[in-house]
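One structure is given here, and the rest of the page talks about it.
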Amino acid sequence: MVLCNAYAAELWGSIYEGLLYARELGFTCIEVSVDSAIVVSELTNGGSGSPRGCSLVEMICCLMDLEWKVVLHHFFREANQRANVLAKLLCSI
C-alpha cells in the first residue's frame, strides 16, 4: 500500500512526470502552473520542508537545472477543478 498526500502527488505526478515528458518531447522552454504555493516555493528555493518530498524536490530541481528554461507559476486551486480531481484520484490509488 502506497501512502500519498496532495503535496507528493503534485510533485510526482504533475511536475516530475510532466517535466520528464516535456524533455522527452524535446521542449526547450516550458511553463508549469501549479496550484500549490508550497510546492512552488520549495522548488524555487531548492529545499523541502517535508521529509516525504525531499528526494522528489531534489530530482525536480536537477531536471529544472538542465539546459532548458522552466518557469513555475502558482494559481489558485479553485481556478482548475480538473487538476484537483486528478490529484485526489492519484492519492486514492
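Read-outs throughout are calculated quantities, based only on the coordinates presented, and are distinct from any laboratory measurement. In this text the structure is predicted, and so the values were computed from the model without any measurement.
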What ³J(HN,Hα) values, in whole Hz, does the Karplus curve 6.51 cos²θ - 1.76 cosθ + 1.60 give for the range 17-26 when θ = phi - 60°, with x put for Gly and Pro? 5, x, 5, 4, 5, 4, 5, 4, 7, x
Collect residues whose amide H, placed 1.01 Å from N in the peptide plane, falls under 5 Å from the amide H of Val34; neighbours closer than 5 in sequence don't count. His73, His74, Phe75
